[in-house]
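Input: a single structure, listed below in structure tokens.
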Amino acid sequence: MAPKPDPGRRVVADNRSARFHYAIEDTFEAGIALTGTEVKSLRGGKATIGESYAGPSGNDLMLFNAYIPEYLEANRFNHDTKRPRRLLLHRRQINKLIGATQRQGYTVIPLKIYFNDKGRAKVELGLGKGKQLHDKRESVKQRDWQRDKARLMRDKG
């Protein structure tokens, strides 16, 4: 059964395949530096983060390849749809994530973009390693067994 969504969260973009392709070991909540047209476009809910990733750029952590469509009502003041966006984290968290990606072979993957209860855009980041093919098969097998088990328990009463 899927977890209940938090009433203060309004998910804008969800990377559903991230947990299939990566073994997520730790999650972080980060703010994201956006322009005004990007925020208005995010509120429309058409963003995609399926192909995006986070990585170091100097001393900062940036979100690369996240697609936020142009805001149609903004004429010449619009933003670039796939520009790198700065992630807002504490310095200790940034150092931990950069160190894990450079030394230990981890990847920082955005899992969700959402608006919190204060109306601020946040990104849920996952720190994980890529799965091998046999691990992915095991994930599919576990998911199918859980579905079948739930179906059997429901039918038994």
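The values are calculated or read from the model by the stated rules, or taken from the named source; none is laboratory data. Note that this is a predicted model, so its numbers are computed, not measured. Heads up, the Cβs are rebuilt from the backbone with ideal geometry, glycines too, and the neighbour counts pull from every protein chain shown. For the accessible areas, the whole protein counts, side chains as well, though only heavy atoms, and no ligand, DNA or RNA atoms are used. Shrake-Rupley method; radii C 1.70, N 1.55, O 1.52, S 1.80 Å.
A Gaussian network model of the chain, with springs between Cα atoms under 10 Å, assigns the largest mean-square fluctuation among GLY44, GLY99, GLY58 to GLY58. Between ARG143 and GLN104, the simple label model (points 7 Å from Cα in the Cβ direction) yields a spacing of 2.6 nm. Within the shell defined by Cβ-Cβ distances under 15 Å, the residues around LYS136 carry a net charge of +4, with Lys and Arg each +1 and Asp and Glu each -1.
Placing R0 at 30 angstrom, the Cβ-Cβ distance between ASP26 and LEU152 gives a FRET efficiency of 0.30 after rounding to 0.05. With the biggest extent put first, the Cα atoms of segment 81-157 measure 52, 36, 28 Å across the principal axes.
When each of the peptides 30-41, 104-115, 68-79 is scored by the mean number of other C-beta atoms lying within 10 Å of its residues, the order from highest to lowest reads 104-115, 30-41, 68-79. Scanning residues 5 or more positions from TYR22 or on other chains, those with amide H under 5 Å from its amide H are LYS131, with H placed 1.01 Å from N in the peptide plane. Near PRO110, once Lys and Arg are set to +1 and Asp and Glu to -1 for all other residues with Cβ below 13 Å from its Cβ, the sum equals +1.
Taking the accessible area of segment 56-157, probe 1.4 Å, and keeping the other protein chains in place, the carbon and sulfur fraction comes to 47%.
Translational diffusion of segment 30-139, estimated by Stokes-Einstein from the Kirkwood radius over alpha carbon pairs at 25 °C in a medium of 0.890 mPa s, is 163 µm² per second.
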